[in-house]
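Data first, discussion second: the structure below is written as structure tokens.
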Amino acid sequence: MLLSVFLWLLAVPRIVTACSCVVTRSVCQEVASSNLVFIGTVESVRPGNGMTAHFKVRALFLEKDDDGAPAAKLEYADVSSGSGDCGVVFQKGESYLVYANDDEQTGRMETNLCYRTTRLSEAGEDLAYLFFFQNGGLNSLRLEGFVTSEISQLLPNPLHYSPRVKSPVADVMVEVKSNRSLLYTQSDAFGRFVFDGLPEGDYQVTVFSAGYPDRMEKLSGPKPVHLSKNQCGFTTLFVVGHGLK
């Protein structure tokens, strides 16, 4: 009995103090809302109202001044990790992908767990997009989405991006068509698909059965998606149950 009470007391602080984010973003949204995006290695850490990490910048993807215009490139950056339960615990010697914004009250660059800031070893998903963002020029946009068999998933939460969807449909062929290109990929185990390196314009997204092109069975679409400059597209396609056989 005493052991059970002890374990319960240990669990309570985790529940009460867990970080709760008002908004969570996709990598496209995070880049658009950030003043600074870079890969850096922590050279030192200073304690305070949330620790401040001193980074050696290894790769700079985005740096904007107060007017939103590109600023001069930097070699070092000091970023506050945020305080409280949403603070990031930076480790000296570790490399991170950092998204940060200028805090109006403190004048410091800040990040926290509600940003997509993470260890570099865990940033593969973001780095794929950032490669095209930095090098793609006009062909730098992303179109992503899900294939699902649950119609309620057609209305995602606008405040919280999720890399998962209920009732995902895996291994079906997704076609993205424009007046300039025709692209294909398969939905993954979570029903997700991603197309990177696209120019702005109008696209049609269609889902075909897993046997495509030998089995020409259209399951959903075409669904129109417009990609605007400096933005990315997101769409969810619904597939009825009988189309999954």
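Derivation of every value follows stated rules applied to the coordinates shown; laboratory data play no part. Computed from a predicted structure; not experimentally measured. Counting neighbours? That spans all protein chains shown, and the Cβs are built from the backbone with ideal geometry, glycine included.
Among the residues here, Ser162 qualifies as of a type in the set (Ser, Thr, Tyr) and either closer than 29 Å to Ser33 by Cα or under 20 Å from the mean Cα position of the chain (by Cα) (or both). Condition (residue is crowded, with 19+ Cβ neighbours inside 10 Å and not aliphatic (A, V, I, L, M)) applied to segment 222-229: is it met by at least one residue? No, segment 222-229 contains no residue that is crowded, with 19+ Cβ neighbours inside 10 Å and not aliphatic (A, V, I, L, M). Residue count for segment 159-173 under the criterion of being surrounded by 14 or more Cβ atoms within 10 Å (Cβ to Cβ) and either assigned to a strand (DSSP E or B) or hydrophobic (A, V, I, L, M, F, W, C) (or both): the result is 6.
All told, Asn135 falls short of being within 24 Å of Ala59 (Cβ to Cβ) and touching a strand residue (DSSP E or B) at 6+ places or on another chain (Cβ under 6 Å). Close contacts from segment 129-146, counting a first residue that is buried (at least 19 other Cβ atoms within 10 Å of the Cβ) and a second that is among the acidic types (Asp, Glu) and in a loop (DSSP other than H, G, I, E, B), with Cβ to Cβ under 9 Å and a gap of 6+ residues or different chains, come to Leu141/Glu200.
Only strands (runs of 3 or more DSSP E) whose full extent lies in segment 180-245 are considered here, and the ones with at least 1 residues that are under 22 Å from Ser140 (Cα atoms) and of a type in the set (A, V, I, L, M) are 182-186, 192-198, 201-208, 218-227.
Looking at the structure I just gave you, is Val176 crowded, with 16+ Cβ neighbours inside 10 Å and either closer than 26 Å to Val31 by Cα or touching a residue at least 60 places away in the same chain (Cβ under 8 Å) (or both)? Criteria met by Val176.
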